[in-house]
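Chemist: Here you go, one structure.
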Amino acid sequence: MLSTCFPPLARRDARILILGSLPGQMSLRLNQYYGQPRNAFWRIMAATFSFPPDLPYSDRVAALQSHHIAAWDVCASAFRPGSLDSNLSDIVINDFHVFFKTHKAIRLICFNGQTSEKLYRRNALPTLPRPFAEIPTRQLPSTSPAHAGMTFARKLAQWGPALTDQE
């Protein structure tokens, strides 16, 4: 099944870009980033930035953006049966050159797991001119329920400081 990403959740004043790989099936059905209820992303953001995790989606997005955080995916589209990143094929990468030209305050890219980092480094980074190719990066543990080997507390302990040290 061909999956396509959503537009970036980004204001022009965003300083941190969080990159996933591609929305899973539940997120696509809900038309929401990290829509899978067992995904820890919104719980981590809520704990980090002190907002209720059960806010309506538009309010969670606004809370994230108020802290200069943007979210997007490395893949513009790909074929993927189900929601596992290991099944991605025929990948088309998003246009990061255009994104960084219009979001000039980005000073850190955080990867939501290993797959997004690998895809970015292999497919996007080589196409970027300086200074975009020199934006610092940080890989963080996947918030996906498929990454169940790490507790929520351990994920939060890595995500929280990575996002708040940049404020």
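Please treat every number below as a calculation from the coordinates, not as lab data. For clarity, every value in this text was computed on a predicted model and none was experimentally measured. Cβ placement follows ideal geometry from the backbone for every residue including glycine, while neighbour counts extend to all protein chains displayed.
Chemist: Hand me the trypsin sites (Lys or Arg not before Pro) from the range 27-59 located in a DSSP loop with no more than 16 other Cβ atoms within 10 Å, in residue order please.
Modeler: Here the trypsin sites (Lys or Arg not before Pro) that fit, given the DSSP loop and packing criteria, are Arg38.
Chemist: Right, another one. Mind jotting down the distance between the C-alpha centroids of the range 102-167 and the range 1-66, whole Å?
Modeler: 14 Å
Chemist: Can you run phi through the Karplus equation (6.51, -1.76, 1.60; θ = phi - 60°) for the range 112-124 and list ³J(HN,Hα) in whole Hz, with x for Gly and Pro?
Modeler: So the Karplus estimates, Gly and Pro as x, are 8, x, 6, 5, 4, 5, 4, 4, 5, 5, 7, 10, 9 Hz.
Chemist: Using modelled amide H (1.01 Å from N, peptide plane; none on Pro or chain starts), what sits under 5 Å from the amide H of Ile18, excluding residues fewer than 5 places away?
Modeler: Correct list: Ala70, Ala71, Trp72, Cys110.
Chemist: Could you go through the range 95-104 in sequence order and give the Karplus-derived ³J(HN,Hα) for each residue, using 6.51 cos²θ - 1.76 cosθ + 1.60 with θ = phi - 60°, rounded to whole Hz, and x for Gly and Pro?
Modeler: Residue by residue, the range 95-104 yields 8, 6, 4, 5, 4, 5, 5, 9, 10, 6 Hz.
Chemist: For Val98 and Gln114 in the same chain, what is the full-extension length gain: residue separation times 0.36 nm, less their Cα-Cα distance, in nm?
Modeler: Difference between extended and current length: 3.4 nm.
Chemist: Using the basic label-point model (7 angstrom from Cα toward the beta carbon), what is the Leu128 to Leu55 distance in nanometres?
Modeler: About 2.7 nm, to one decimal.
Chemist: Can you pull the one-decimal nm distance between simple spin-label points at Arg107 and Ala62, each 7 Å off the Cα toward Cβ?
Modeler: 2.7 nm
Chemist: Hey, how much of the P(r) for the chain falls beyond 25 Å, as a percent of Cα pairs?
Modeler: 25 percent
Chemist: Separate question: Determine the dipole magnitude for the chain: charges of +1 sit on the beta-carbon of Lys and Arg, -1 on that of Asp and Glu, nothing else is charged, the reference point is the Cα centre, and the result goes in debye to the nearest 20.
Modeler: Computed charge dipole of the chain: roughly 160 debye.
Chemist: Rounded to whole Hz and in sequence order, give me ³J(HN,Hα) for the range 10-20 from the Karplus expression 6.51 cos²θ - 1.76 cosθ + 1.60, θ = phi - 60°, writing x for Gly and Pro.
Modeler: With the stated coefficients, the range 10-20 comes to 7, 8, 5, 8, 4, 10, 10, 10, 9, 10, x Hz.
Chemist: Here's something else I'd like to know. Suppose each label sits 7 Å from its Cα in the direction of the beta carbon; what would the Gln158-Arg138 distance come out to in nanometres?
Modeler: Those two pseudo-labels are separated by 1.2 nm.
Chemist: Right, something else. What 222 nm value per residue comes from the helices of the chain, counting each DSSP H run with n ≥ 4 as -39,500 (n - 2.57) and dividing by all residues, nearest 500 deg cm²/dmol?
Modeler: Rounded to the nearest 500, the figure is -8500 deg cm²/dmol.
Chemist: Let me ask something else about it. Can you list residues whose amide H is under 5 Å from Gln139's amide H, if they're 5+ apart or on another chain and H is modeled 1.01 Å from N?
Modeler: For Gln139, whose amide H was placed from the backbone, the distant partners under 5 Å are Phe111.
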